[in-house]
Amino acid sequence: MPGELDIATLGVALSLVTLSMTLLLCVAAWHAGIEKGLRHWALGNFAIMLGLVLNVYQEHIHHGLSVVLAYTLMTLGIGVTWLGIRAFKGQTQPQTGPLLAALTVMLLMWVFRFQVDDMPARIVISSVILSGMSLLCARELLIPAEQPMRTAYWFTGFTALFCAIGLAFRAALSFTLLPLSQETNLVPMQSVTLLGAMVAQIGLACGFLLMTHYRTTIALHRLSERDALTNTLNRRSLQQQAAAVLELARQQEYPATLIMLDADHFKRINDQFGHQTGDAVLCHLVSRVRQHLRNDDLLGRFGGEEFVLLLPGLDTESAVQVAERIRQALCAQPWQNENLPVALSVSMGVACSDQHGYDFDSLVGVADAALYRAKALGRNRVELASVPDQELQDQMALRLLSQFRHNLDV
C-alpha cells in the first residue's frame with residue numbers, strides 16, 4: 001500500500017505539515033516569554049522541515065543541496081530539539097555534540113555521494129545518526145516525573161522513540177533491499193519514511209506544546225496557593241492542605257502539632273525602616289524558619305506577620321523544641337540592613353492534637369490563645385496551649401490577654 005502512494009503528493013503533504021507545525025511552534029515561542037525550550041524547538045523544527053523538503057525533491061535539485069545539506073539540516077534540527085528539551089528541564093545545553101554530529105553527516109554524505117555514490121551507505125549512515133539523536137531526545141523525556149508533566153514527557157518521549165525505532169528499521173532494510181534492487185525498493189521505503197515523518201512532526205509538536213501547557217498550568221496553580229511575598233502557603237491553601245494532613249494523622253493515629261508564630265514589634269520595623277525593609281525582614285524570617293522544618297511540614301502565612309507551622313508526627317515536647325530552635329536562631333541572626341542590623345524576635349503558641357484534637361480551626365484557636373499569652377508575658381517566648389480542663393478557668397484571662405494584645409505595639 002505505501003508503495004502505491006504518489007511520492008510527489010506525499011512530499012507536498014509533508015511540506016505542508018512541517019510548515020504548519022513550525023509556524024505553530026514559532027507562534028508559541030513568540031508568546032512564551034522567559035519559557036525555555038520553545039525557541040529551540042521552533043528552530044529545530046524549521047531546520048528539519050528544510051531538510052525534509054530538500055530531500056523529497058532531490059530529483060529536481062542538485063545533490064549538494066538535496067543530499068548533503070538536507071541530511072545536515074535534519075541532523076542539526078534534531079540536535080537543536082535535544083538542546084531545547086534540556087533547556088526546558090533547566091539543564092546545560094552542550095552544543096558541541098549536535099554540531100559534531102551535523103558536520104559528521106555532512107562529510108559522510110559528501111563522500112558517499114560525490115566520491116563513492118553509494119545510496120545504501122548514505123541511508124544507513126543518516127538513519128543511524130538520526131536514530132541515535134532521536135534516542136537522546138527520548139532518553140531525556142522518558143524519566144520519572146510527577147503528573148501532569150509525566151504525561152507530556154512520556155507522550156513526547158515515546159514519539160521520539162518511535163522516530164528512533166523507525167530510522168533504525170530503515171537502516172536495517174537498506175542492507176537487504178536496496179543493494180538488490182534500488183529502483184524497485186526505494187519507492188516504498190520513501191513512502192513509509194514520509195508517512196512516518198509526518199506522524200512524528202505532528203506528535204513532537206503536540207508533545208512540546210503539551211509540555212509547555214502543563215508547566216504553565218502548574219505555575220499558575222502554584223501562584224494560586226502561594227503567598228506572593230514569602231512564597232509560603234497562603235491562608236486558603238494552608239487550610240486545605242492542613243486539613244488533609246490532620247485527617248491522615250487522625251486515621252493513622254499519630255500526633256500533629258500546630259505552631260502560631262508572630263514577629264514581635266513588626267510595626268516598629270515598618271515605621272522605622274520602611275515597608276520594603278519590613279518585607280525583607282519577613283522573607284528573612286521565613287528562610288530561617290524553613291531551615292528547621294522537614295519536607296512534610298507545612299508553613300503558611302496566616303495574615304500580616306503571623307505564620308502557621310504544622311508539624312505532623314511531632315508531639316508537644318518535640319514541637320516545643322523545634323519552636324525554641326527557631327526562636328533562638330532568629331534572635332541570633334538578625335536581618336542585616338545596609339547601615340545596621342534589624343533585630344528580630346518572635347512569639348509562638350503551640351497546640352498539639354493529643355490534647356486538642358485534629359480539627360484545624362480548633363488547633364488554630366488554642367494556639368492563637370497561647371500566642372496571645374506569649375505576647376502579654378513579654379514576647380520572644382514559646383507558650384503551650386492550655387489543656388481542655390483549664391480552658392474554662394483561663395477563658396476570662398484569655399479574653400483579657402486578647403484585648404491587651406490589640407493595644408500592644410505589634
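Table: residues versus (1) open to solvent by 60 Å² or more (accessible area, probe 1.4 Å); (2) under 28 Å from Arg139 (Cβ atoms); (3) in a helix (DSSP H, G or I).
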| residue | (1), (2), (3) |
| --- | --- |
| Phe46 | yes, yes, yes |
| His60 | yes, no, no |
| Leu73 | no, yes, yes |
| Leu100 | yes, yes, yes |
| Trp110 | yes, no, yes |
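For Leu340, the conditions (1) of a type in the set (A, V, I, L, M); (2) touching a strand residue (DSSP E or B) at 6+ places or on another chain (Cβ under 6 Å); (3) surrounded by fewer than 21 Cβ atoms within 10 Å (Cβ to Cβ) are fulfilled apart from (2). So the check is Cβ under 8 Å with 6+ separation or different chains; which pairs have a first residue in the range 297-311 that's farther than 14 Å from Val322 by Cβ and a second one that's basic (Lys, Arg) and outside any strand (DSSP E or B)? Final answer for the pair search is Gly300/Arg235; Arg301/Arg235; Phe302/Arg235; Gly303/Arg235.
All conditions but one from (1) at pLDDT 85 or above; (2) open to solvent by less than 20 Å² (accessible area, probe 1.4 Å) apply to Gln91; the one that does not is (2). Considering the range 48-58, the residues that are more than 16 Å from Leu130 (Cα to Cα) and part of a helix (DSSP H, G or I) include one that is modelled with the highest pLDDT, namely Leu54. Pairing each residue of the range 237-266 that is within 30 Å of Arg379 (Cβ to Cβ) with any residue that is open to solvent by 60 Å² or more (accessible area, probe 1.4 Å) and part of a helix (DSSP H, G or I), provided the two are 6+ apart or on different chains, yields C-beta distances under 8 Å for Pro255/Asp354. In the set Leu220, Leu238, only one residue is modelled with pLDDT under 90 and part of a helix (DSSP H, G or I); that residue is Leu220.
Going through (1) within 21 Å of the chain's Cα centre (by Cα); (2) touching a residue at least 24 places away in the same chain (Cβ under 8 Å); (3) assigned to a helix (DSSP H, G or I) one by one, Gly90 falls short only on (3). Checking the stated criteria, Glu225 turns out to be surrounded by fewer than 18 Cβ atoms within 10 Å (Cβ to Cβ) and either touching a helix residue (DSSP H, G or I) at 6+ places or on another chain (Cβ under 9 Å) or within 22 Å of Ala343 (Cα to Cα) (or both). Note on the range 65-88: among residues that are under 14 Å from Val53 (Cα atoms) and of a type in the set (Gly, Ala, Ser), the one that is modelled with the highest pLDDT is Gly77.
Give me a count of the residues in the range 267-282 that are in contact with a strand residue (DSSP E or B) (Cβ under 9 Å, 6 or more places away or on another chain), touching a residue at least 40 places away in the same chain (Cβ under 8 Å) and not β-branched (Val, Ile, Thr). Result for the range 267-282: 3.
Among the criteria (1) outside any loop (DSSP other than H, G, I, E, B); (2) under 36 Å from the mean Cα position of the chain (by Cα), the one Leu344 does not fulfil is (1). Tallying residues that are out of contact with any Leu (no Cβ under 7 Å at 6 or more places or on another chain), closer than 18 Å to Leu83 by Cβ and either open to solvent by less than 20 Å² (accessible area, probe 1.4 Å) or not hydrophobic (A, V, I, L, M, F, W, C) (or both) within the range 112-169 yields 6. Of the helices (runs of 4 or more DSSP H) that lie entirely inside the range 261-337, those containing 2 or more residues that are acidic (Asp, Glu) and under 26 Å from Asp359 (Cα atoms) span 316-332. For the range 356-382, the candidate set comprises residues that are at pLDDT 90 or above and open to solvent by 50 Å² or more (accessible area, probe 1.4 Å); within that set, the residue that is farthest from Lys267 (Cα to Cα) is Tyr358. Residues that are modelled with pLDDT of 85 or more, among the charged types (D, E, K, R), within 21 Å of Val350 (Cα to Cα) and in a loop (DSSP other than H, G, I, E, B) do not occur anywhere in the range 243-252. Here Asp297 qualifies as under 18 Å from Ala319 (Cα atoms) and open to solvent by less than 40 Å² (accessible area, probe 1.4 Å).
The values are calculated or read from the model by the stated rules, or taken from the named source; none is laboratory data. Keep in mind the model is a prediction, meaning the values are calculated, not measured. For neighbour counting, all protein chains shown are included, and Cβ atoms are generated from backbone atoms with ideal geometry for every residue, glycine included. When the accessible area is computed, the model is the full protein with side chains, heavy atoms only, and any ligands, DNA or RNA have been set aside. Shrake-Rupley method; radii C 1.70, N 1.55, O 1.52, S 1.80 Å.
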